[in-house]
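A short write-up of the structure that comes next.
The values are calculated or read from the model by the stated rules, or taken from the named source; none is laboratory data. What you are looking at is a predicted structure, and each value in this text was computed from that prediction instead of being measured. Note that we place each Cβ from the backbone using ideal geometry, even for glycine, and neighbour counts take in every protein chain shown. Only protein heavy atoms, including side chains, enter the accessible area calculation; ligands, DNA and RNA are left aside. Shrake-Rupley method; radii C 1.70, N 1.55, O 1.52, S 1.80 Å.
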Amino acid sequence: MLPFLFRRVFGAVVILLLLSAFTFFVFFSTGDPAMMACGKNCTADNVALIHQNLGLDKPLPTQYWDFLVGIFAGRDYSIGHCSAPCFGYSFATKQDVWATMMDRLPTTASLAVGGAITFLVIGLGAGLLAAWKKGSVLDKTVTGASMVLSSVQIYILGPIVLGIFVYSGIMASPKYVELTSDPAGWFMGLLLPWLVMSTIFTAQYTRMSRSTMIEQLQEEHVRTAKAKGMPARYVFLRYAWRGSLIPIVTILGIDLSSLFGGAMITEYTFSLAGLGRLAINSVTTLDLPMVLGVLIFSAALILVFNIIVDATYALIDPRVRLS
């Protein structure tokens, strides 16, 4: 296990370095960040001062090295000291990029985790029922519904749901409330975004769960358990269901990046102040430090989650040996 984790962590660090270097050099070599930070009615003296304060008068490799050092050790700017992890200051708001991201993270984390739980519970549950009643009306209904829902996009379903439930007055407008202060308000405020964001994923995992469960029911160890006289429900849940989780966990690790993309669109659709909406606004306003910070931070989260998913393989299937 430890050699496996070491290899994955080392690979994740290399990927982050390459991603940050590519993004940094693309963003800071295609234009003058000082002009973007200065804003309208900017004079040549102001641009020169910004170059000096942000270290933009140094060679580009030196700027990238200072950026990496700032993440781990902090940096000094004209407006004050930026404590580690330092991603710089926003061009638009002059606020610490890391502090801004941490302020938006709870919304995105709640949306992503809640959406994942929603599509896993509904999708796996519906798939199990369809496999259990293979060939029945229930199976055909679930399969047909999943085929239809898999083609529904967030940016189309979101406004429809808002029109039906929010603009008609049935439900309050979605908003983020801290879980610790108001658990009920937190749940109701994110219920519609969870359902909308998880629609496509629910349809995919329903079909996947059904097909993998049907395949597992044909495996020799499952037929042997049935031949020994074990109850059908016990065999279904103890042997077949556990084996069917392997491909699902694999796809879940791959879908993490899609989940963040879905959270970004969902936040923008429902006007939630999360990392996704922050990234879109930063790209629109050419706020390069904020874009770079959100990109690196999101990539780091996805890589960490992928390592955790890979490490759970051995827990689900003893035949898997990570080392």
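Working carefully through the options ALA48, ALA84, ALA92, find the one that is among the small types (Gly, Ala, Ser), in contact with a Ser or Thr (Cβ under 6 Å, 6 or more places away or on another chain) and outside any strand (DSSP E or B). Lay out the reasoning, then the answer.
Numbers: ALA48 fails: in contact with a Ser or Thr (Cβ under 6 Å, 6 or more places away or on another chain); ALA84 fails: in contact with a Ser or Thr (Cβ under 6 Å, 6 or more places away or on another chain).
When all the criteria are applied, what remains is ALA92.
Would you pick out the residues in the stretch 274-304 that are outside any helix (DSSP H, G or I) and in contact with a helix residue (DSSP H, G or I) (Cβ under 7 Å, 6 or more places away or on another chain)? Step through it out loud before you land on a result.
Filtering the stretch 274-304 for residues outside any helix (DSSP H, G or I) gives 274, 285-287.
Those that are outside any helix (DSSP H, G or I) and in contact with a helix residue (DSSP H, G or I) (Cβ under 7 Å, 6 or more places away or on another chain): GLY274, LEU286.
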Return the only residue of GLY80, GLY114, GLY127 being under 26 Å from GLY276 (Cβ atoms) and open to solvent by less than 30 Å² (accessible area, probe 1.4 Å).
-> GLY114
Any idea which of (1) in the same structural domain as ALA279 (by the TED database); (2) open to solvent by less than 40 Å² (accessible area, probe 1.4 Å) is the one PHE91 doesn't satisfy?
-> (1)
For the stretch 140-154, what are the residues that are open to solvent by 50 Å² or more (accessible area, probe 1.4 Å) and outside any helix (DSSP H, G or I)?
-> SER151, GLN153
Residue ID - nearest to VAL13 (Cα to Cα), chosen from residues in the stretch 30-77 that are exposed (fewer than 13 other Cβ atoms within 10 Å of the Cβ) and at pLDDT 80 or above | PHE72
Set GLY262, GLY158, GLY253: member being surrounded by fewer than 19 Cβ atoms within 10 Å (Cβ to Cβ) and either assigned by the TED database to the domain that holds LEU128 or free of Cβ contacts under 8 Å to residues at least 40 places away in the same chain (or both) = GLY253
Within the stretch 270-281, work out how many residues are crowded, with 24+ Cβ neighbours inside 10 Å and modelled with pLDDT under 90.
-> 2
